[in-house]
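Taking it in order: structure first as structure tokens, then the write-up.
The values are calculated or read from the model by the stated rules, or taken from the named source; none is laboratory data. Model, not experiment: these values are computed from the prediction. Heads up, the Cβs are rebuilt from the backbone with ideal geometry, glycines too, and the neighbour counts pull from every protein chain shown.
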Amino acid sequence: MRLLVSVMLTLFVVATATVATSAQMCGMSFVKVIVYDTNAQPIKESSFELLGSVSADKFKELSAKYSEPQHSAVALPTEIGVELANGPLTKLSGKDGCGNPFKQTDGTTTAKEYRNQPESKENFGICMVEGRTLGPVLAKVSAPGFETGYFLTESFVGCGKRASFTLRAAKKKAH
């Protein structure tokens, strides 16, 4: 009997520990925004603005048409991005879960990585709560000397790590 109780107690402890450790949660996370040029070099002084959520059907339609396998964000032609920005978007509230704005400029805008941390110009991204997502969103991304890009992305989710976008150099004007 004593042996049976010991075995049952041991199994209970092991089962409880396994359940507790396999369900590790992040609570909150910071989705860092990184903007690259076509040579995969980070661009300083870049800006992003999350313009709003798009429907799952619209995301699926445009992703099928414009997605590239090596990119997590779907780069849209400028005309399509502008049309979508002026069309049926569900606008996002002005700030994320930490009070960061949905429009930021790298090195200029102050943002928090987590609620209880101080703001810093070094933080460039969106604070997300675990289990939450902004869904598919339209992002407008720009930088001096580069063409403004419009992207569809699902990168802004709780426990996400980064959202990356690639901009093309602006065409030089003929004199």
Within region 140-165, of all residues that are touching a Ser or Thr at 6+ places or on another chain (Cβ under 6 Å) and not in a loop (DSSP other than H, G, I, E, B), the one modelled with the lowest pLDDT is 157
Residue in region 112-119 that is over 13 Å from residue 28 (Cβ atoms) and out of contact with any strand residue (DSSP E or B) (no Cβ under 9 Å at 6 or more places or on another chain) present
yes
Flag if residue 82 is farther than 17 Å from residue 166 by Cβ and either hydroxyl-bearing (Ser, Thr, Tyr) or under 16 Å from the mean Cα position of the chain (by Cα) (or both)
no
Being surrounded by fewer than 17 Cβ atoms within 10 Å (Cβ to Cβ) and assigned to a loop (DSSP other than H, G, I, E, B) is the filter here; which residues of region 110-134 pass it?
110, 114, 115, 116, 117, 118, 119, 121, 122, 130, 131, 132
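Does residue 64 fit the bill of being free of Cβ contacts under 8 Å to residues at least 24 places away in the same chain and outside any loop (DSSP other than H, G, I, E, B)?
Criteria met by residue 64.
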